[in-house]
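These notes concern the structure reproduced below.
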Amino acid sequence: RITVESKRYNCTVDIKEKVTFIKGDSGVGKTEFTRRVSDRTRANRVSVSNGFNIVVLVQSTFEDICKKAERWLSKKPREKALEEYWCSEENFPYYNCIIVIDDEDFVKSRDFSCFYNCDRYNYYIIINRGKVSGISYSVDEIYDFVKDGKNHYIRKSCRGVEDYE
């Protein structure tokens with residue numbers, strides 16, 4: 001569970017599976033949620049259960065992770081080599097984290113699906129419109145982001161991921 005509390009913004013997100021998809025209309029606070037979980041100032045009180053850390057993964061950081069892995073690549077096909085690299089525990093860059101990805105196109109890449117499928121250590125919150133292929137997920141973990149004044153929450157979506165494209 002992630003809880004964010006401030007004078008103007010409150011939000012709680014419960015995570016049950018490896019990946020939670022969050023969708024929602026513009027202006028309901030999805031990007032604000034991402035900003036606030038990464039802002040550790042006094043203005044926000046962020047709590048995460050079970051000792052997990054929060055990492056906001058952006059395009060440039062993911063590119064750096066891929067570049068580091070590419071140095072290890074041999075003459076093997078790219079996907080196979082990345083899989084071998086990231087499946088090795090000492091090479092995976094995050095442990096015991098909730099990785100938040102807000103509207104980043106790299107989630108639709110083969111490199112990301114390989115990264116995600118090799119990950120045995122973390123949970124993901126993917127805030128994105130459109131289908132993300134190459135990763136397995138439960139349709140029960142697709143949520144709409146909703147706001148009610150300063151309170152924000154997620155509720156189970158009645159639409160699938162592909163309905164947001």
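The values are calculated or read from the model by the stated rules, or taken from the named source; none is laboratory data. Fair warning: this is a prediction, and the values are worked out from it, not measured in the lab. Quick reminder, even Gly has a Cβ in these numbers, built from the backbone with ideal geometry, and neighbours come from all protein chains shown. Note: accessible area is taken over every heavy atom of the protein model, side chains too, but ligands, DNA and RNA are not part of it. Shrake-Rupley method; radii C 1.70, N 1.55, O 1.52, S 1.80 Å.
Quick one: which of K18/K68; K7/K156; K16/K131; K18/K156; K30/K150; K23/K108 span more than 18 angstrom between C-alpha atoms? Walk me through the numbers on the way to the answer.
Working: K18/K68 24 Å; K7/K156 26 Å; K16/K131 20 Å; K18/K156 16 Å; K30/K150 13 Å; K23/K108 16 Å.
Where the Cα-Cα span goes over 18 Å, the pairs concerned are K18/K68; K7/K156; K16/K131.
How about segment 60-126: which trypsin sites (Lys or Arg not before Pro) there lie in a loop by DSSP and see at most 16 other Cβ atoms within 10 Å?
In loop regions of segment 60-126 (DSSP not H, G, I, E or B), the sparsely surrounded trypsin sites (Lys or Arg not before Pro) are R71, K75, R120.
What do you get for Rg/Rh of segment 67-165 when both radii come from the Cα atoms and Rh is the Kirkwood radius?
Details: Rg = 15.9 Å, Rh = 15.3 Å.
My calculation puts Rg/Rh at 1.04.
Hey, can you grab everything whose amide H is under 5 Å from the amide H of Y124? Only 5+ residues off in sequence or another chain; H modelled, so Pro and N-termini drop out.
V19, T20, I99
Spin-label point model (7 Å from Cα, Cβ direction): what's the D14 to R120 distance in nm?
About 2.9 nm separates the two model spin labels.
How much net charge surrounds N96 when only the other residues with a Cβ under 14 Å from the Cβ of N96 are counted, with Lys and Arg +1 and Asp and Glu -1?
Details: positive: K18, R120; negative: E89, D119.
Surrounding charge for N96 is 0.
Of all the accessible heavy-atom surface of the chain, with the other protein chains kept in place and a 1.4 Å probe, what percent is carbon and sulfur? Walk me through the numbers on the way to the answer.
Details: 3950 of 9100 Å².
Carbon-and-sulfur percentage of accessible area, whole number: 43.
With every protein chain in place, what's the accessible area of D148 (1.4 Å probe, Å², nearest 10)?
We get 100 Å² for D148.
Where both partners of a DSSP beta bridge lie in the chain, what percent of those bridges are antiparallel, to the nearest 5?
Working: 14 of 33 bridges.
In the chain, DSSP labels about 40 percent of beta bridges as antiparallel.
Take every Cα pair under 8 Å in the chain that's 6+ residues apart, average their separations, divide by the length, and report that relative contact order as a whole percent.
RCO, the chain: 32 percent.
If you stretched the chain out fully between E84 and S26, how much longer would it get, using 0.36 nm times the residue separation minus the C-alpha to C-alpha distance?
17.0 nm
Kindly report the accessible area of the chain per residue (heavy atoms of protein chains, probe 1.4 Å, no ligands, DNA or RNA), in Å².
55
Starting from the Cα gyration tensor of the chain, multiply each eigenvalue by 5, take the square root, and state the resulting semi-axes largest first in whole Å.
29, 18, 13
Compute the FRET efficiency between S47 and S138 as 1/(1 + (r/R0)^6), taking r as their Cβ-Cβ distance and R0 = 22 Å, and round to the nearest 0.05.
0.30
Quick one: compute the contact order of segment 71-150, relative version, from alpha carbon pairs under 8 angstrom and 6+ residues apart, as a percent. Before the final figure, lay out each step's value.
Details: 70 pairs, mean separation 23.8, N = 80.
About 30 percent, as a whole number.
In segment 31-86, which chymotrypsin sites (Phe, Trp or Tyr not before Pro) fall in coil by DSSP and have 15 or fewer other Cβ atoms within 10 Å?
Loop-located and lightly packed - W72.
Round to a whole angstrom and tell me the spacing of the C-alpha centers of segment 68-94 and segment 23-63.
About 27 Å separates the Cα centre of segment 68-94 from the one of segment 23-63.
Which angle between 0 and 90 degrees, to the nearest 10, do you get for helix 78-87 versus the longest principal axis of the chain when only C-alpha atoms count?
The answer is roughly 70 degrees.
Pick out, in residue order, every one of the chymotrypsin sites (Phe, Trp or Tyr not before Pro) in segment 95-153 that is DSSP loop and has at most 16 other C-beta atoms within 10 Å; say none if there are none.
Y95, Y121
Can you give the helix-only mean residue ellipticity at 222 nm for the chain, where every DSSP H stretch with n ≥ 4 adds -39500 (n - 2.57) and the sum goes over all residues, rounded to the nearest 500 deg cm²/dmol?
When only DSSP H runs of four or more count, the value is -7000 deg cm²/dmol.
Using only the Cα atoms of segment 77-125, each taken as one equal point scatterer with no solvent, compute I(q) by the Debye sum, divide by I(0), and report log10 of the ratio at q = 0.13, 0.16 Å⁻¹.
Log-scaled intensity ratios, in q order: -0.29, -0.44.
With all protein chains present and a 1.4 Å probe, how do T34, T41, T61 order by accessible area, largest first? Write down the numbers at each step before the final one.
Details: T34 10, T41 70, T61 50 Å².
If we order T34, T41, T61 from most to least accessible, we get T41, T61, T34.
List the relative contact order of segment 51-98 as a percent without decimals, with contacts defined as Cα pairs under 8 Å and 6+ residues apart.
Reported as a whole number, the value is 57 percent.
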